Amino acid sequence: MEKSPIRVLVTGAAGQIAYSLLYPLSKGDVFGHDQPIELVLLDIEAMLTVLDGVVMEMQDCALPLLKSIIPTADTDVACKDIDVAILVGAMPRREGMERKDLLRANVKIFKAQGESLDKHAKKSVKVVVVGNPANTNAFICKKYAPSIPPENFTALTRLDQNRAQAQIATRMGLVPQDVKNVIIWGNHSNTQFPDVRHAKVAGKGVYEAVQDDAWLKGDFIKTVQTRGAAVIKARKLSSAMSAAKAIGDHMRDWWFGTKGDEYVSMAVPSDGSYGIEKGIIYSFPVQAKPDHTYSIVQGLQIDEFSKEKMTTTLTELQEEKCSAEEFCGY
Ligand code: NAD
Ligand code: LMR
């Protein structure tokens, strides 16, 4: 018997990330090859004609799992009865900007979408915020949707995890999948802390395998922290293909659960673990179960080097939170 469809909202649906995301999402790569999907596509009024073109292309892909497509510029219509919200729609940064420079322009989008989710979405809705600054936008979205469990609001740091895995794998002449349990702590920004102290590469600790502590504590961290800016400098546009891939990875692991004792990084509301202020959307190592619940991995030893880096990125998030609340009116 065919499963009942799930209703999946993608915002910023006429933009570049959505263009790389909608095909894999609708052909079953994220929620399973037996899971029918009703797609809801939100963009702003001025982009509706472009969105029409995207809808035409989706129809022309002739995908068996794609049961319906609703394009709209009305947030309330978009949020109606949704099971999953992939919130991409926001202004991207340009060369020379930091992601937090987008806060004033973007945070109100997430306030409005939080209010709409609160009124119209299923209470079980799973939300991933991609639009930057992603952690703080997710914090605001959660704040304005008090009837939805806070743990249902997450932000994307999986792209940073994938970048870190790829850097280690390239260095070792392996593939990224050979690198397990890399952690991204904190903000999706240049203060994030990509931590490989608990990671394994082909069964060995990364420090033991790489044999270059100076690189692991220096250029490796810097490269991951500033990879988004490097892509913008080269492409004159922010990452889209890799961002779409990371969104799929994030949602798939949340939906189906993580494997064995492996963990992945997701920015989630802090429960106070590792001394991080409760409620802040902070990237942690998490393990997920097939019932779509997840928990923060406990008991990892944090050395002085890590502690300092985890505090720096927390401080930035606390500052962003204050600015965001001010921009939203309190
Ligand atoms: P884009 O400009 O190509 O597309 C953004 C789309 O969002 C546009 O079509 C725009 O009209 C739409 N939009 C704007 N306001 C909206 C609203 N209120 N409701 C619905 N749609 C709205 O940008 P992009 O490259 O797709 O990037 C989107 C966002 O994702 C940016 O903020 C970018 O910085 C961020 N991003 C995050 C990550 C991450 O890892 N967290 C990675 C890459 C990009
Ligand atoms: C990225 O990490 O590539 C995105 O957040 C886009 C950006 O502004 O860096």
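Here are some notes:
- Hits in the stretch 168-202 - residues which are closer than 13 Å to Glu262 by Cα and either surrounded by fewer than 20 Cβ atoms within 10 Å (Cβ to Cβ) or away from ligand 2 (no atom under 16 Å from the Cβ) (or both): Gln177, Asp178, Val179, Lys180, Asn181, Ile183, His198, Ala199, Lys200, Val201
- Residue selected from the stretch 105-149 under the condition among the small types (Gly, Ala, Ser) and in contact with a Cys (Cβ under 7 Å, 6 or more places away or on another chain), by the criterion nearest to ligand 1 (Cβ to nearest atom): Ser116
Yes/no per residue for (1) without any contact (Cβ under 8 Å) to a residue 40 or more places away in the chain; (2) among the acidic types (Asp, Glu); (3) more than 16 Å from ligand 2 (Cβ to nearest atom):
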position: Ile17; (1), (2), (3): no, no, no
position: Ser26; (1), (2), (3): no, no, yes
position: His33; (1), (2), (3): yes, no, yes
position: Ile37; (1), (2), (3): yes, no, yes
position: Ile44; (1), (2), (3): no, no, yes
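- Applying the set (1) within 24 Å of Met241 (Cβ to Cβ); (2) in contact with a Leu (Cβ under 6 Å, 6 or more places away or on another chain) to Glu95 leaves exactly one unmet item: (2).
- Residue satisfying condition, being modelled with pLDDT of 95 or more, out of contact with any strand residue (DSSP E or B) (no Cβ under 8 Å at 6 or more places or on another chain) and not hydrophobic (A, V, I, L, M, F, W, C), within set Lys200, Lys143, Lys180: Lys143
- Filter result for Gly96 (within 16 Å of ligand 2 (Cβ to nearest atom) and surrounded by 17 or more Cβ atoms within 10 Å (Cβ to Cβ)): no
- Of the residues making up the stretch 140-182, those that are closer than 15 Å to Trp254 by Cβ and of a type in the set (D, E, K, R) are Glu151, Arg158.
- Conditions (1) within 23 Å of Met266 (Cα to Cα); (2) within 16 Å of ligand 2 (Cβ to nearest atom); (3) of a type in the set (Gly, Ala, Ser); (4) free of Cβ contacts under 8 Å to residues at least 24 places away in the same chain: number failed by Gly205: (2)
- Qualifying residue in the stretch 277-288 (condition: within 13 Å of ligand 2 (Cβ to nearest atom) and surrounded by fewer than 18 Cβ atoms within 10 Å (Cβ to Cβ)): no
- The residues in the stretch 117-167 that are among the small types (Gly, Ala, Ser), assigned to a helix (DSSP H, G or I) and crowded, with 24+ Cβ neighbours inside 10 Å can be counted, and the count is 3.
- Qualifying residues in the stretch 228-246 (those that are within 16 Å of the chain's Cα centre (by Cα), among the hydrophobic types (A, V, I, L, M, F, W, C) and more than 21 Å from Thr191 (Cα to Cα)) - the one nearest to ligand 1 (Cβ to nearest atom): Ala240
- Looking across Leu41, Leu25, Leu9, Leu48, one residue alone is out of contact with any strand residue (DSSP E or B) (no Cβ under 6 Å at 6 or more places or on another chain), closer than 26 Å to Gly114 by Cβ and buried (at least 19 other Cβ atoms within 10 Å of the Cβ). It is Leu25.
- A single member of Lys80, Lys67, Lys122 is in contact (Cβ under 8 Å) with a residue 24 or more places away in the chain, touching a His at 6+ places or on another chain (Cβ under 8 Å) and over 20 Å from Ile281 (Cβ atoms), and it is Lys80.
The values are calculated or read from the model by the stated rules, or taken from the named source; none is laboratory data. Given the structure is predicted, the values throughout are model-derived calculations rather than measurements. Glycine gets a Cβ as well: all are built from the backbone with ideal geometry, and neighbour counts include every protein chain shown.
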